[in-house]
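The structure under discussion appears below in the form of structure tokens.
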Amino acid sequence: MKSIKIFAPATIANLGSGFDLLGLAIDGIGDEIIFHQTQQLDVKIIDIKGATLPYDNKNNIVGYVAEMMLNDAKANFGVEIEIIKGIKPGSGIGSSAASSVATVFGINLLLGDTFDNTQLIEYAMEGELLVSGGKFADNVAPCLLGGMVLINDYEPLAYMQMPVPENMYAVVLHPMIELKTSDARNLLPIKVAMKDAIKQAKNLGTFIAGLYTMDIDKISRGLEDRLATPYRSKLIPFFDDLMALGKELEIIGSGISGSGPSVFYLCMGKEKASDLARKLHSFYESKDTEYNIYISPVARQGVREIK
Ligand code: HSE
């Protein structure tokens, strides 16, 4: 019987105009999950560190997804699971996605590579549906595959990795307040105005064209989101100030990371990223809310086994 330890990175989903369709993986922060294969056929979470989460499989994304996969594969083993949450739930940097992806990857390893990546993303999305009330892959796909991923379709699922400028960095400011994705999704309108739909299509098209031609100006002009940000920004403390701070440094652009409360910035080069992080520190340290800042190039590697 084997024991394996899996690391799954944090992710920035939506990336402005790519609402529910685009995301990228970052380095330096993620969840770790240890799976101990057992002879008993059940799935049992035995320890959770770093967050207060339910232990029962119906309500814990890890237990829920592990049970589903082992049942579907008619596995002749079970697992005991230790969860080490590096990413705070409700942070907007793919906390549930990291746990879900670590699970699909780890269980698939124990099953001897039964499922392909598309099936793994489908399973990970079932986990997202359980905790977020929506079946989207913009966190789970980059978390699994690394880099920046565009979802081409959901029915059936299709996705592709995007070319990313060599020296592109992401900076994330995470104010330590919890914002549930399900609540942030409930704020969104069912219908949008035609002019917003056209603007969004123009922006996403421009963003993707910018990636393929490595045209930073196009990437920058394509970032603005008309579908979610106008409704969610009020949930994020100092949102307008935080966006203005980025503009002062002539970065590529900024926006809400996933469903918030984290915000992200894209810029070229580590030096610019560090300048921005310094500015964010000096802005935020006088506020009452605790916060973290992460600086990372787009992470080439997604989920992986670690020692
Ligand atoms: N696309 C999802 C949303 C991502 O914005 O609701 C959640 O992290």
Next item on the list: Give, rounded to the nearest 20 debye, the magnitude of the charge dipole that the stretch 168-297 has about its Cα centre when Lys and Arg contribute +1 at Cβ and Asp and Glu contribute -1 at Cβ.
Entry: 520
Check: What's the FRET efficiency of H281 with A73 using the Cβ-Cβ distance as r and R₀ = 30 Å, to the nearest 0.05?
Finding: 0.05
Check: Given labels modelled 7 Å from the Cα in the Cβ direction, how far is it in nm from I306 to E250?
Finding: 3.7
Note to self: Neighbour counts of other C-beta atoms within 10 Å: give me R232, R278 arranged from fewest to most.
What the structure shows: R278, R232
Item checked: Karplus (6.51, -1.76, 1.60) ³J(HN,Hα), θ = phi - 60°, over the stretch 290-307, in Hz, Gly and Pro reported as x -> 5, 7, 10, 10, 10, 10, 7, x, 4, 6, 5, 9, x, 4, 7, 7, 10, 8
Next item on the list: Give me L245, L188 ranked fewest to most by other Cβ atoms within 10 Å of their Cβ, as a rough exposure proxy.
Entry: L188, L245
Next item on the list: Determine ³J(HN,Hα), in whole Hz, for all residues of the stretch 116-125 in sequence, where each value follows from phi through the Karplus function 6.51 cos²θ - 1.76 cosθ + 1.60 and θ = phi - 60°; x replaces Gly and Pro.
Entry: 8, 4, 4, 5, 5, 5, 4, 5, 5, 5
Item checked: Highest average packing first - 282-290, 94-102, 268-276, Cβ atoms within 10 Å -> 94-102, 268-276, 282-290
Next item on the list: Would you mind working out the magnitude of the charge dipole of the chain relative to its Cα centre, with +1 at each Lys and Arg C-beta and -1 at each Asp and Glu C-beta, to the nearest 20 Debye?
Entry: 380
Notebook entry, point to check: Calculated FRET efficiency, S3 and E290, Cβ-Cβ r, R0 41 Å, to nearest 0.05?
Noted result: 0.75
Next item on the list: Would you mind pulling out the separation of the Cα centroids of the stretch 103-131 and the stretch 170-211, in Å?
Entry: 26
Check: Over the C-alpha atoms of the stretch 3-162, what are the Rg and the largest Cα-to-Cα span, Dmax, in Å?
Finding: 14.4, 47
Check: What's the FRET efficiency of E155 with I198 using the Cβ-Cβ distance as r and R₀ = 25 Å, to the nearest 0.05?
Finding: 0.60
Check: In whole percent, what relative contact order does the chain give with Cα contacts below 8 Å and a gap of six or more residues?
Finding: 25
Note to self: Quick check: the angle from helix 61-72's long axis to the longest principal axis of the chain, C-alpha only, nearest 10 degrees?
What the structure shows: 50
Item checked: Restraint check, K88/K180; K135/K180; K202/K247; K180/K287; K2/K44; K49/K88, Cα-Cα greater than 19 Å -> K202/K247; K180/K287
Next item on the list: Compute the acute angle (0 to 90°) between the alpha-carbon long axis of helix 239-248 and the principal axis of greatest extent of the alpha-carbon atoms of the chain; round to the nearest 10°.
Entry: 60
Checklist line | For the stretch 88-105, Karplus couplings with θ = phi - 60° (6.51, -1.76, 1.60), whole Hz, Gly/Pro x | finding: 5, x, x, 9, x, 10, x, 5, 5, 4, 5, 5, 5, 6, 4, 5, 4, 5
Next item on the list: Based on other C-beta atoms within 10 Å, arrange D113, D138 from fewest to most.
Entry: D113, D138
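Computed from the coordinates by the stated procedures, all read-outs in this text should not be read as laboratory data. Source: prediction; values computed, not measured. Cβ: placed from backbone, ideal geometry, glycine included. Neighbour counts: every protein chain shown.
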